[in-house]
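The values are calculated or read from the model by the stated rules, or taken from the named source; none is laboratory data. Because the structure is predicted, anything quoted here is derived from the model rather than measured. Quick reminder, even Gly has a Cβ in these numbers, built from the backbone with ideal geometry, and neighbours come from all protein chains shown. Just the protein is used for accessible areas: all its heavy atoms, side chains included, with ligands, DNA and RNA removed. Shrake-Rupley method; radii C 1.70, N 1.55, O 1.52, S 1.80 Å.
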Amino acid sequence: MSALLELSGVTAGYGAVQALYGVGLTVGEGEAVALMGRNGMGKTTTVRTIARMLPATGGRVAFAGTDLARLPSYRAARLGIGLVPEGRRTFGPLTVSENLAVAARPGPWDVARVTRLFPRLGERMGQTARTLSGGEQQMLAIARALMTNPRLLILDEATEGLAPSVRQEIWAAIRALKGEGLAILLIDKSVREIAGVADRAVILERGATAWAGVIGALSADVADRYLGV
Ligand code: ATP
């Protein structure tokens with residue numbers, strides 16, 4: 001069976017600046033994969049390429065067996081990739097309820113289910129997104145992605161800059177989603193938290209896949225070489 005998401009030899013960049021030099025990774029159905037690497041190694045650029053916010057200049061990005069480069073973007077958007085981008089983007093002037101409504105697509109995830117996952121959102125349905133705390137905005141960003149009923153959820157630094165207690169709430173939600181069988185690609189700096197949810201890790205070094213393996217094989221040596229500062 002082919003993987004849900006499959007990248008091979010992906011290159012991409014920003015104008016004349018090349019950022020990706022050959023990224024390969026796969027995410028299978030129900031699998032959680034961590035995309036790791038030091039700052040500036042190409043994690044966010046890889047995510048942008050998967051979400052088609054940035055075109056791949058070479059290699060292949062396939063989702064559910066379909067080469068994304070062959071699809072017009074409006075079709076690619078409906079394939080089922082739910083992205084929670086870096087910096088938790090929500091619509092500030094809209095209420096929580098409106099933020100959820102505009103993201104909704106048919107499927108098992110609806111307002112009742114996302115508010116069961118994040119009860120705090122349920123208590124703030126009439127509040128505008130810009131008045132939420134950072135943690136609540138992150139919950140809303142994840143909830144919005146779930147409302148699209150994705151087959152793959154991509155989380156780019158979902159716990160960045162949040163208080164420890166809120167981080168714990170978000171990690172608990174991520175573990176619950178994984179437990180329900182949702183395929184997840186996640187970027188995060190906390191190796192300890194990643195180890196508690198990811199099946200496998202892919203490490204980028206200067207825009208290319210430098211290491212890939214099951215999470216248990218990520219030794220202190222590997223972490224030191226590719227993730228240490
Ligand atoms: P971080 O953990 O700091 O977010 P990252 O691994 O996500 O890092 P990217 O943001 O993908 O790294 O950056 C990869 C490379 O592309 C870096 O050299 C970066 O300077 C460059 N880059 C990123 N965004 C742009 C942009 N909009 N224009 C030009 N270069 C960019």
| Label point distance in nm, N39-L79, each placed 7 Å from Cα along Cα→Cβ | 3.2 nm
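Take the Cβ-Cβ distance between S8 and A104 as r, set R0 to 45 Å, and report the resulting FRET efficiency rounded to the nearest 0.05. Don't skip to the answer; put the middle values down first.
Values: r = 33 Å, r/R0 = 0.74.
That gives a FRET efficiency of 0.85.
Within the chain, which complete DSSP H helices have Cα atoms spanning at least 15 Å along the helix axis and a mean Kyte-Doolittle hydropathy of 0.0 or higher?
On the way: long enough: 134-147 (20 Å, 0.39); 164-179 (22 Å, -0.08).
Those that clear 15 Å and a mean of 0.0 are 134-147.
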| field | Accessible area, probe 1.4 Å, largest first, for residues E180, E6 | value | E180, E6
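Could you calculate the contour length gain from T131 to A176, that is, 0.36 nm times the residue separation minus the distance between their Cα atoms, to one decimal place in nm? Before the final figure, lay out the partial values.
Numbers: separation 45, 0.36 × 45 = 16.20 nm, distance 2.68 nm.
That works out to 13.5 nm of additional length.
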| remark: With label points set 7 Å from each Cα along the Cα-to-Cβ direction at Q168 and M53, the distance between them in nm comes to 3.1 nm
| message | Can you give me the long-range amide H partners of A32? Hydrogens built in the peptide plane at 1.01 Å from N, cutoff under 5 Å, separation of 5 or more residues or another chain. | response | I184, D199, R200
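Net charge near S97: determine it from the other residues with C-beta under 13 Å of the C-beta of S97, scoring Lys and Arg +1 and Asp and Glu -1. Numbers along the way, then the final one.
Working: positive: R124, R144; negative: E98, D110, E123.
Net local charge, S97 excluded: -1.
In whole percent, how big is the carbon plus sulfur part of the accessible area of segment 3-227, probe 1.4 Å, protein atoms only?
Numbers: 5110 of 9950 Å².
That fraction is 51 percent.
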| field | At 1.567 mPa s and 4 °C, Stokes diffusion of the chain via Kirkwood alpha-carbon radius, µm² per second | value | 72 µm²/s
| Solvent exposure, largest accessible area first (probe 1.4 Å, DNA, RNA and ligands not counted), of K189, K43, K178 | K189, K178, K43
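Restricting the count to DSSP beta bridges whose residues both fall in the chain, what percent are antiparallel, rounded to a multiple of 5?
Numbers: 22 of 39 bridges.
Roughly 55 percent of the DSSP beta bridges within the chain come out antiparallel.
For Y21, Y14, Y226, give the ranking by accessible area with the largest first, probe 1.4 Å.
The ranking, largest first, comes out as Y21, Y14, Y226.
Per residue, how much accessible area does the chain show when a 1.4 Å probe rolls over the protein heavy atoms, in square angstrom? Mind showing how you got there, number by number?
Working: 10430 Å² over 229 residues.
Per-residue accessible area for the chain comes out at 46 Å².
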| Gap in Å between the Cα centre of segment 88-126 and the Cα centre of segment 1-35? | 29 Å
| task | Go ahead and run the numbers for FRET between K189 and R120, Cβ-Cβ distance against an R0 of 22 Å, rounding to 0.05. | result | 0.40
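How much length is gained on full extension from V17 to D221, taking 0.36 nm per residue of separation minus their Cα-Cα distance?
On the way: separation 204, 0.36 × 204 = 73.44 nm, distance 3.10 nm.
Length gained, V17 through D221: 70.3 nm.
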| request: Count the DSSP beta bridges whose two residues both fall in segment 125-229, then state the antiparallel fraction as a percent rounded to the nearest 5. | output: 55 percent
